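Asks: Please read through the structure below; I'll follow up with questions.
The values are calculated or read from the model by the stated rules, or taken from the named source; none is laboratory data. Remember, predicted model here, so these are calculated numbers, not experimental data. Neighbour counts run over all protein chains shown; Cβ positions are idealised from the backbone, glycine included. To get the accessible areas, we keep the full protein, side chains included, count just its heavy atoms, and leave off ligands, DNA and RNA. Shrake-Rupley method; radii C 1.70, N 1.55, O 1.52, S 1.80 Å.
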Amino acid sequence: MDKRMTVASELAAERRQALYRDVASGMITIGKAVYAMRKISRLTQPEFAKHRGISVQALRQIETETGNPTVETLNKVASIFGLQVGFVPIPRKF
């Protein structure tokens, strides 16, 4: 196997684990999480939007946190990473 592919695969796995950790801790916004998912996938906005069955405009609005996506749209984006939208406790700062 090409060493570059192994390194890229390992880096993607590390980034995926960091994403899961940030999501679980509530330390990442939806927009930043979606951006990270797209970057881990190594796709452009048009490619990622087409792959997830949403418009490029909707993806841009999610990533820039200017839109108001539906739960259905967010689940379309997140499902490839084994994630779904749901209620979670807000982390408290003492």
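Asks: Mind checking which residues of region 15-44 are free of Cβ contacts under 8 Å to residues at least 24 places away in the same chain and among the β-branched types (Val, Ile, Thr)?
Replies: Of everything in region 15-44, those that are free of Cβ contacts under 8 Å to residues at least 24 places away in the same chain and among the β-branched types (Val, Ile, Thr) turn out to be Ile28, Thr44.
Asks: Another question about this same structure. Which residue out of Thr64, Thr73, Thr44 is modelled with pLDDT of 95 or more, out of contact with any His (no Cβ under 8 Å at 6 or more places or on another chain) and buried (at least 17 other Cβ atoms within 10 Å of the Cβ)?
Replies: On inspection, the qualifying residue turns out to be Thr73.
Asks: What about Arg21, is it basic (Lys, Arg) and more than 15 Å from the chain's Cα centre (by Cα)?
Replies: So Arg21 fails the test.
Asks: Looking only at region 76-93, which residues are under 16 Å from Ala49 (Cα atoms), open to solvent by 70 Å² or more (accessible area, probe 1.4 Å) and either small (Gly, Ala, Ser) or in contact with a helix residue (DSSP H, G or I) (Cβ under 6 Å, 6 or more places away or on another chain) (or both)?
Replies: Of everything in region 76-93, just one residue is under 16 Å from Ala49 (Cα atoms), open to solvent by 70 Å² or more (accessible area, probe 1.4 Å) and either small (Gly, Ala, Ser) or in contact with a helix residue (DSSP H, G or I) (Cβ under 6 Å, 6 or more places away or on another chain) (or both), namely Lys76.
Asks: Would you confirm, using the coordinates I've provided, whether Ser79 is among the polar types (S, T, N, Q) and over 28 Å from Arg92 (Cα atoms)?
Replies: Criteria not met by Ser79.
Asks: Mind counting the residues in region 47-61 that are of a type in the set (Val, Ile, Thr) and surrounded by 17 or more Cβ atoms within 10 Å (Cβ to Cβ)?
Replies: So the count comes out to 1.
Asks: Okay, moving on. Take Ala8 and decide whether it is at negative phi, open to solvent by less than 90 Å² (accessible area, probe 1.4 Å) and under 14 Å from the mean Cα position of the chain (by Cα).
Replies: no
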